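Accompanying notes for the structure given below.
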Amino acid sequence: MKKVMLIIVGFLLAGLLIFIAFNYRSTANYLFRNKAINSQKPVDPSELPRIMAKAKQLVAYARKNGYDTTVVFVLNMRIASGKDRFFIYDAIHQKVVQQALVAHGRCNETVQVSRRYSNVVGGGCTALGKYKIGLAYQGTFGLAYKLHGLEASNNNAFERFVVLHAHECVPNNEVDPYPICQSDGCPTVSPAFLKILANIIDGKTKPVLLEIIDA
């Protein structure tokens with residue numbers, strides 16, 4: 001009888017831990033979301049070459065197509081959600097100047113465990129590709145920026161209401177190995193990081209580009 005009780009308790013504890021780890025407002029969010037953001041830190045050396053290469057390609061695309069060429073944003077969804085994967089690239093000084101967490105789409109699942117992407121309207125997934133950051137507006141989650149998909153892989157972004165916005169469930173700093181919350185397809189950052197992004201976006205006379213990759 002005692003052995004059976006221990007097994008039951010074990011299952012209950014395991015279930016509780018899974019719920020805490022993957023609930024929309026995960027344990028990591030509660031523990032770390034109130035810490036001051038530290039976005040100015042060195043990029044993981046194993047990730048830096050990929051980010052730099054993609055950022056330079058994006059700047060070249062911006063130059064060719066009339067977008068802002070001083071800064072671009074690169075989001076690498078191959079990186080675990082509890083690690084920084086939203087990178088701000090300063091094209092003038094040719095370096096990543098800031099980085100932070102960003103949520104990915106849950107594809108209408110309670111929790112999207114595997115990496116999955118889709119451009120389908122109503123699909124709730126992240127869509128890979130280049131985006132033009134459009135006009136700012138006040139939405140359900142406060143300040144947000146319209147996103148316009150520039151490729152076949154994400155050209156339904158506007159119709160899907162995919163926008164750049166903040167949510168308090170996204171912590172200010174890395175929480176790996178914990179996951180962070182997931183979105184309905186929007187690249188979602190912490191409120192503190194959105195303020196940093198807003199200062200950059202609003203200070204430009206031409207649209208800033210953002211690219212979501214898996215590399």
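The values are calculated or read from the model by the stated rules, or taken from the named source; none is laboratory data. Predicted model only: the values in this text are computed from it and were never measured. Note that each Cβ is placed from the backbone with ideal geometry, even for glycine, and that neighbours are counted across all protein chains shown.
Some observations on this one:
- Consider region 159-204 and keep the residues that are small (Gly, Ala, Ser) and out of contact with any helix residue (DSSP H, G or I) (no Cβ under 7 Å at 6 or more places or on another chain). The one that is surrounded by the fewest Cβ atoms within 10 Å (Cβ to Cβ) is 203.
- Residue match in region 47-64 (condition: surrounded by 20 or more Cβ atoms within 10 Å (Cβ to Cβ), within 21 Å of residue 165 (Cα to Cα) and over 14 Å from the mean Cα position of the chain (by Cα)): no
- Verdict on residue 83 being surrounded by fewer than 23 Cβ atoms within 10 Å (Cβ to Cβ), over 22 Å from residue 157 (Cα atoms), of a type in the set (Lys, Arg) and within 11 Å of the chain's Cα centre (by Cα): yes
- Restricting region 173-202 to residues that are within 19 Å of residue 138 (Cβ to Cβ) and part of a loop (DSSP other than H, G, I, E, B), the residue that is farthest from the chain's Cα centre (by Cα): 184
- Per the listing 152, 215, 136, the residue uniquely in a strand (DSSP E or B) and surrounded by fewer than 22 Cβ atoms within 10 Å (Cβ to Cβ) is 136.
- Near pairs, Cβ below 9 angstrom, 6+ apart or cross-chain, from region 114-136 (more than 24 Å from residue 207 (Cα to Cα)) to any residue that is surrounded by fewer than 12 Cβ atoms within 10 Å (Cβ to Cβ) and of a type in the set (Phe, Trp, Tyr): none
- When residue 62 is tested against (1) out of contact with any Lys or Arg (no Cβ under 9 Å at 6 or more places or on another chain); (2) within 18 Å of residue 197 (Cβ to Cβ), exactly one condition is not met: (1).
- Filter pass, residue 170 being hydrophobic (A, V, I, L, M, F, W, C), more than 17 Å from the chain's Cα centre (by Cα) and not in a strand (DSSP E or B): no
- Here residue 29 meets each of (1) surrounded by fewer than 14 Cβ atoms within 10 Å (Cβ to Cβ); (2) modelled with pLDDT under 85; (3) not in a loop (DSSP other than H, G, I, E, B) with one exception, condition (1).
- Odd one out for residue 114, checked against (1) farther than 25 Å from residue 181 by Cβ; (2) at pLDDT below 95: (1)
- Evaluation of residue 212 against (1) over 23 Å from residue 83 (Cα atoms); (2) out of contact with any helix residue (DSSP H, G or I) (no Cβ under 6 Å at 6 or more places or on another chain) (one fails), failing number: (1)
- Of the residues making up region 99-133, those that are in a loop (DSSP other than H, G, I, E, B), small (Gly, Ala, Ser) and buried (at least 18 other Cβ atoms within 10 Å of the Cβ) are 118, 123, 124, 127.
- Residues in region 41-64 that are of a type outside the set (A, V, I, L, M, F, W, C), assigned to a helix (DSSP H, G or I) and in contact (Cβ under 8 Å) with a residue 40 or more places away in the chain: 50, 54, 61.
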